[in-house]
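Okay, structure first, notes after.
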Ligand code: GLU
């Protein structure tokens with residue numbers, strides 16, 4: 001078989017949403033799986049609705065996802081060629097100019113170009129939907145162009161696919177009913193019919209069509225929320241496709257190897273928001289320590305980056321962040337909730353909150369003094385979570401932990417809720433931890 005050439009042909013009339021970029025992903029993966037080429041065509045012939053900002057958004061989104069194209073074209077650049085084809089179709093008797101009154105009631109007569117419909121049955125074998133057959137009589141002599149210089153969607157798609165040598169048209173199910181019309185045009189202009197694969201719709205968790213109000217976000221929103229592109233790519237590729245094995249986690253290269261149109265399902269496929277977070281978390285786990293730290297730094301609140309102790313504290317936060325974050329964007333909400341600042345600045349202490357349940361102040365004070373003493377024996381460079389835990393648990397022995405660990409945790413964080421005290425000790429380090437405990441003892 002000749003080399004596979006697929007295309008993604010978005011209209012720049014909105015930001016790139018999940019339904020569309022899943023189509024882009026499948027087209028890209030199929031091309032790369034077969035060693036073929038991937039064409040990106042911006043279908044901007046609808047001049048009123050097409051916007052440059054949306055074209056930019058589409059390009060940015062595909063680049064972020066790593067879906068690089070082999071060829072790029074704007075449909076508006078092909079209008080001369082569309083005109084040439086229309087003229088030939090008229091000359092050959094496959095199309096004709098129809099003088100019709102404009103629908104706006106202005107009485108203006110327009111020269112619309114209509115297709116001369118042969119009124120036949122048209123059938124094609126869709127790679128996903130199977131055999132599709134339709135009688136085209138009901139379509140009538142459908143419109144090909146508003147005038148010789150303004151081709152409409154069906155003509156433009158057919159001509160551009162033909163000229164680009166597209167072998168496989170992979171697109172949304174909503175285009176299935178357009179295909180017989182497009183096949184009629186192909187036959188009229190002597191273009192081969194490509195292989196079609198109409199993808200199932202992407203549905204929301206309620207199994208309803210996704211809409212902007214219901215969880216369908218532009219891909220750039222996920223980028224701006226601190227998701228990883230490889231997670232969005234992986235999660236989207238699994239909507240309506242699976243490899244036929246239980247494997248769910250894939251890199252782009254692994255998807256390229258595994259992807260197969262034959263395994264795309266027919267029925268609507270669901271995008272789960274929780275699942276998306278799961279994919280992101282899993283892909284975050286795969287990041288090396290170095291890359292994880294770089295990304296965390298990139299997303300870290302600027303005001304904390306400006307702290308004098310930033311370079312000391314930041315590396316020690318990594319185990320906690322690896323454990324907690326599902327997206328890097330969550331660093332912002334953590335900071336907004338006050339969950340980061342006390343790791344850099346000593347907290348203000350409310351003595352009312354320091355004691356455990358009915359514990360007396362003097363008991364809390366004695367316990368903190370003993371903890372301080374025990375920690376004094378731990379060298380600064382061994383002030384880890386496990387070492388401090390071992391030391392303090394040995395001190396507590398068999399008695400109740402709350403009267404020790406609650407005052408300690410509160411002295412270090414000044415918060416009702418925080419990571420466990422050993423994690424805090426490991427993050428703050430020996431000097432800052434000691435200073436915070438001493439300050440509380442003085443207060444008591
Ligand atoms: N431009 C069309 C759209 O955005 C896609 C056309 C096609 O894939 O054939 O829906």
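The values are calculated or read from the model by the stated rules, or taken from the named source; none is laboratory data. These numbers were taken from a predicted model, which means no experiment stands behind them. Backbone-built Cβ (ideal geometry, glycine too); neighbour counts: all protein chains shown.
When residue 144 is tested against the conditions (1) within 16 Å of the ligand (Cβ to nearest atom); (2) surrounded by fewer than 22 Cβ atoms within 10 Å (Cβ to Cβ); (3) part of a strand (DSSP E or B), the lone failure is (2). Out of 179, 193, which single residue is within 14 Å of the ligand (Cβ to nearest atom), in a loop (DSSP other than H, G, I, E, B) and more than 20 Å from residue 71 (Cβ to Cβ)? Criteria check complete, one pass: 193. Taking the numbered list (1) in contact (Cβ under 8 Å) with a residue 60 or more places away in the chain; (2) in a helix (DSSP H, G or I); (3) loosely packed, with under 15 Cβ neighbours inside 10 Å in turn, residue 431 passes all entries but (1). Among the conditions (1) surrounded by 15 or more Cβ atoms within 10 Å (Cβ to Cβ); (2) away from the ligand (no atom under 13 Å from the Cβ); (3) outside any loop (DSSP other than H, G, I, E, B); (4) under 25 Å from the mean Cα position of the chain (by Cα), residue 89 misses just one, which is (4).
Is it true that some residue in region 79-102 is closer than 30 Å to residue 234 by Cα and touching a residue at least 60 places away in the same chain (Cβ under 8 Å)? No, every residue in region 79-102 fails to be closer than 30 Å to residue 234 by Cα and touching a residue at least 60 places away in the same chain (Cβ under 8 Å). If you go through region 262-284 and keep only what is in a loop (DSSP other than H, G, I, E, B) and either more than 25 Å from residue 33 (Cβ to Cβ) or more than 15 Å from the chain's Cα centre (by Cα) (or both), you end up with 265, 266, 267, 268, 272. Criterion applied to 345, 416 was being surrounded by fewer than 14 Cβ atoms within 10 Å (Cβ to Cβ) and either touching a residue at least 40 places away in the same chain (Cβ under 8 Å) or touching a strand residue (DSSP E or B) at 6+ places or on another chain (Cβ under 7 Å) (or both), and the one residue passing it is 416. Number of residues in region 23-33 that are touching a helix residue (DSSP H, G or I) at 6+ places or on another chain (Cβ under 7 Å) and within 13 Å of the ligand (Cβ to nearest atom) equals 1.
Restricting attention to region 1-16, which residues are touching a strand residue (DSSP E or B) at 6+ places or on another chain (Cβ under 9 Å) and within 11 Å of the ligand (Cβ to nearest atom)? Steps first, answer last, please.
At the first step, the residues of region 1-16 found to be touching a strand residue (DSSP E or B) at 6+ places or on another chain (Cβ under 9 Å) are 3-12, 14-16.
6, 7, 8, 9, 10, 11, 12, 14, 16, listed by residue number.
Among the residues in region 51-71, are any at pLDDT 95 or above, surrounded by fewer than 18 Cβ atoms within 10 Å (Cβ to Cβ), assigned to a loop (DSSP other than H, G, I, E, B) and within 14 Å of the ligand (Cβ to nearest atom)? Yes, that holds for at least one residue.
Return yes when residue 233 is buried (at least 21 other Cβ atoms within 10 Å of the Cβ), more than 12 Å from the ligand (Cβ to nearest atom) and either in contact (Cβ under 8 Å) with a residue 12 or more places away in the chain or more than 16 Å from the chain's Cα centre (by Cα) (or both) and no when it is not.
Details: buried (at least 21 other Cβ atoms within 10 Å of the Cβ): yes; more than 12 Å from the ligand (Cβ to nearest atom): yes; either in contact (Cβ under 8 Å) with a residue 12 or more places away in the chain or more than 16 Å from the chain's Cα centre (by Cα) (or both): yes.
Criteria met by residue 233.
Restricting attention to region 303-347, the residues being farther than 27 Å from residue 276 by Cβ and not in a loop (DSSP other than H, G, I, E, B) number 13.
Look through 170, 185 and report the one residue that is touching a residue at least 40 places away in the same chain (Cβ under 8 Å), in contact with a helix residue (DSSP H, G or I) (Cβ under 7 Å, 6 or more places away or on another chain), more than 23 Å from residue 86 (Cα to Cα) and within 13 Å of the ligand (Cβ to nearest atom). Steps first, please.
On the way: 185 fails: more than 23 Å from residue 86 (Cα to Cα).
One residue alone meets the criteria, 170.
Cβ separations smaller than 7 Å between residues 6+ apart or across chains give the following pairs from region 38-50 residues that are closer than 20 Å to residue 27 by Cβ and more than 10 Å from the ligand (Cβ to nearest atom) to residues that are modelled with pLDDT of 95 or more and assigned to a loop (DSSP other than H, G, I, E, B): 38/69; 38/70; 39/69; 39/70; 39/166; 40/69. For region 1-35, the set of residues classified as farther than 21 Å from residue 159 by Cβ and part of a loop (DSSP other than H, G, I, E, B) consists of 1, 14, 15, 16, 34, 35, listed by residue number.
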